[in-house]
1. In whole Hz and in residue order, list the ³J(HN,Hα) couplings for the range 195-212 that follow from phi through the Karplus curve 6.51 cos²θ - 1.76 cosθ + 1.60, θ = phi - 60°; x for Gly and Pro.
2. Gap in Å between the Cα centre of the range 110-167 and the Cα centre of the range 54-85?
3. So how do 158-169, 53-64 stack up, highest first, on mean other-Cβ count within 10 Å?
4. Is the range 186-275 rounded, prolate or oblate when judged by the Cα gyration tensor, a ≥ b ≥ c being the square roots of its eigenvalues, rounded requiring a/c under 1.5 and prolate requiring a/b larger than b/c?
5. What whole-number value in Å² describes the accessible area per residue of the chain for a 1.4 Å probe?
6. Among 113, 39, 69, whose mean-square fluctuation peaks in a Gaussian network model of the chain (Cα, cutoff 10 Å)?
7. Order of 79-85, 212-218, 106-112, 146-152 by packing, highest average Cβ count within 10 Å first?
8. Beyond 33 Å, how much of the Cα-Cα pair distribution for the chain remains, as a whole percent?
Amino acid sequence: MLVTAVPSRISKEVGAWRGRGLRVGFVPTMGALHEGHASLIRRAVAENDRVVVSIFVNPLQFGPKEDLSRYPRPFAADAAVCRREGAAALYHPSPESMYAPGFRTRVEVEGLSELHCGASRPGHFRGVATVVLKLLNQVRPHALYLGEKDFQQLSILRRLAVDLDLGVDVVGCRLVRAPDGLALSSRNAYLSEEERRAAPALHAALRAGAREARRRGAGPASVVRAARAELARERLFRRDYLVLVDEGTLLPPPALQGKLRLLAAAWIGNTRLIDNQPVRV
Ligand code: AMP
């Protein structure tokens, strides 16, 4: 497995693969890899000839009071996961090489970036869109693998790929959970034992909403009410948002019709967790 921090090195390697007619898949991450990330790498390996994984804790997508400096960075263990899952290259650029002095450009996906997580984390999705566009330009893959764990991010990056004619296939991958239902996340490492025990309540709340949607007489408001009520039963959680949206627009649906999804973010202690659940009527 090639391990490099140098943008021109990864571009050259992928360029050589493409020149030989090989199909290249790309899995961007912030590291602290878990089974959710591993499932993306496995799918990319199954569907491509070569897979590049990137690890970059992107300063541009963290707010001034967020966890940039304490975000976990277990590099050796991450490299072992990439190797085990069959990645051909691990690209781990430095913040200095990504954002050279004088860097001024930002990418904004309007209308989707301001909602939900974007409302609580101003500038977050601008940082995400900017770094993903840069990574795609450096790596130049055929296919981009992203998790449904970050459902809003997936929607925004799909839009980016279409709007800017990126010519990359965006592949959304299933959300991987712990056996008790908690969505796997690098941030779960922040949880105390007590918080970890309480954390599956977020998923349980979304499932309660999805159940309500199957009840005769249910509507968008009753679905959201049921999910919020269930979440409120776990005193350790403080809701950031919990909404029912149309999967295409990320806006509240007028009725329980079409492809809908519950999206939520909630604080448990000092840790902000996100989750989502499809709602099929
Ligand atoms: P991150 O390292 O958190 O930036 O995540 C990198 C990629 O892995 C993103 O596309 C995430 O959506 C995806 N991912 C993270 N956690 C999970 C999970 N539990 N299941 C599926 N995909 C995930």
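1. 5, 4, 5, 7, 4, x, 4, 5, 5, 4, 5, 5, 5, 4, x, 5, 5, 4
2. Each part reduced to its Cα centre gives a spacing of 18 Å.
3. Top of the packing list down: 53-64, 158-169.
4. It comes out prolate by the Cα gyration axes.
5. 47
6. In the Gaussian network model the winner is 69.
7. Peptide ranking by packing, descending: 146-152, 79-85, 106-112, 212-218.
8. 23
The values are calculated or read from the model by the stated rules, or taken from the named source; none is laboratory data. Being a predicted model, the structure only gives us computed values, none of them experimental. Cβ coordinates were reconstructed from backbone atoms using ideal geometry, including for glycine residues, and neighbour counts include every protein chain displayed. Quick note on the areas: whole protein, heavy atoms, side chains included, nothing else; ligands and nucleic acids left out. Shrake-Rupley method; radii C 1.70, N 1.55, O 1.52, S 1.80 Å.
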